[in-house]
Every structure is written in structure tokens, then in C-alpha cells.
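Below: the structure, in C-alpha cells.
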Amino acid sequence: MYQDVLIPTDGSDGARRSINHGMTIADCFDATIHALSVVPEGPLGTLQTDDAIPAAQRAVERVETEASRMGVDVVTAVEQGVPHEEILAFADEHGIDLIVMGTQGRTGLDRVLVGSVTERVVRMADVPVVTVRLTDEIRVEDTDEAARIARSTAEQEGYDEVAVLEDPHRTSASWIVPLETDTGPIHVHVDAVTSEARIAKGPRE
């Protein structure tokens, strides 16, 4: 289902958790990781220091190193511009079918940029976006509960003959539950913190 996974990164704690999450997904689906770091720009130029571009390059290099260690294919890119616009444009131009992002940085500029950027990407993206929280407590801890929530969600969306195709697997704060239905296989993402679920392949028409 996933062939190209985009991981925007700024090197913050939230980004590091989303990197681990994205790596696990890519490894499961034999997908390619696209590591992207965006140096924010405004009317007067970059919003950070002259070290911003080298820092962005180091951020994607860390993803590349981790991907190589895990045996996951990876490509890297550094762009300049409005972060959420660059992320969405990159996703469109490179055929991205899943975006994995942290919900916020911990302090200062990271907190402002990562939190607001993720919110905009979630609202505007045409592909599924998996968000990774920093400190929220995991509530859905076992595969049976994740499968139950996923089946219920699929049935509410109009799917019939719903059955678990293979064991659910959790990546950080989200379960991925493969299901077989009357119209073919689908994947349901179950938030391990809130128990909210959504179908990665949209509900049938």
C-alpha cells in the first residue's frame, strides 16, 4: 500500500520520534523513505540563522544514516520556503503516499514551526498523514483491541465481511491494522492514544 513515505524533519525531538515511526512503516511495506528538511523563509529571507541550511542538511543525513542501518531505501532533500507549502508540494511532485510527522517541537522556534506546520499539512494533504506525539500516554496497547477498533471503523464506513488480514503492528503512537473486506484489502490506522481510527484507503463509494 505504501511505496513512498515522506518524513519531514527539523532535527527536533518530535522529528526524531516521527523518524523512528516512519522507518518502521517503510520497513514493513518495503517502501522508500523521503527525508525532507525545509528552511523557513519569509519576506526578508530565512527565519533562522546562517546555520539553518547546514543544520537542515545534517537533519536529513541523520535520517539517511538510520535508514541505511535498517536497510531501508532513502532519498534526501533540503528546500527553502514556507514549510507546509514545501512539504505538500514535495509530496505531490514525488508521488508520496504517506506523510509521517511529529506534532510539535519541545521549545522555542521548533515548537512554533513543527506544531503549526503539522496542523496545516494534516488539513491540506491529499494523502494520509500519521502524526507522532511526544509524551501522550499509550492507551490501546494490545493487538486485539486495535483489531476490534479497526473492524468497527470499517463496518461503520460500509465495508462488509471484514476480517483481520494479518496481525496489527504498532509504530510509536499508531496501530496499522490490515483488513480483508468484501471489496478487497484495506489498512486502518488506529491512534494508540485517542483510540480514533481512519481508513488509509478511503471508504468505498
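The values are calculated or read from the model by the stated rules, or taken from the named source; none is laboratory data. Just so we're clear, the structure is a prediction, and the values are computed from it rather than from any experiment. All Cβ positions, glycine included, derive from the backbone under ideal geometry; neighbour counts span all protein chains shown.
Which pairs have Cβ atoms under 8 Å, sit 6 or more apart or on different chains, and link a residue in the stretch 140-158 that is part of a loop (DSSP other than H, G, I, E, B) to one that is acidic (Asp, Glu)?
Between residues of the stretch 140-158 that are part of a loop (DSSP other than H, G, I, E, B) and residues that are acidic (Asp, Glu), the close pairs are Val140/Asp191.
Name the residues in the stretch 78-137 that are closer than 22 Å to Ile176 by Cα, in a helix (DSSP H, G or I) and modelled with pLDDT of 95 or more, would you?
Ala91
Could you list all residues from the stretch 58-80 that are surrounded by 15 or more Cβ atoms within 10 Å (Cβ to Cβ) and among the polar types (S, T, N, Q)?
If the condition is that a residue be surrounded by 15 or more Cβ atoms within 10 Å (Cβ to Cβ) and among the polar types (S, T, N, Q), then Thr76, Gln80 are the ones that fit.
Looking only at the stretch 187-197, decide whether some residue is modelled with pLDDT of 75 or more and part of a helix (DSSP H, G or I).
Taking every residue of the stretch 187-197 in turn, none turns out to be modelled with pLDDT of 75 or more and part of a helix (DSSP H, G or I).
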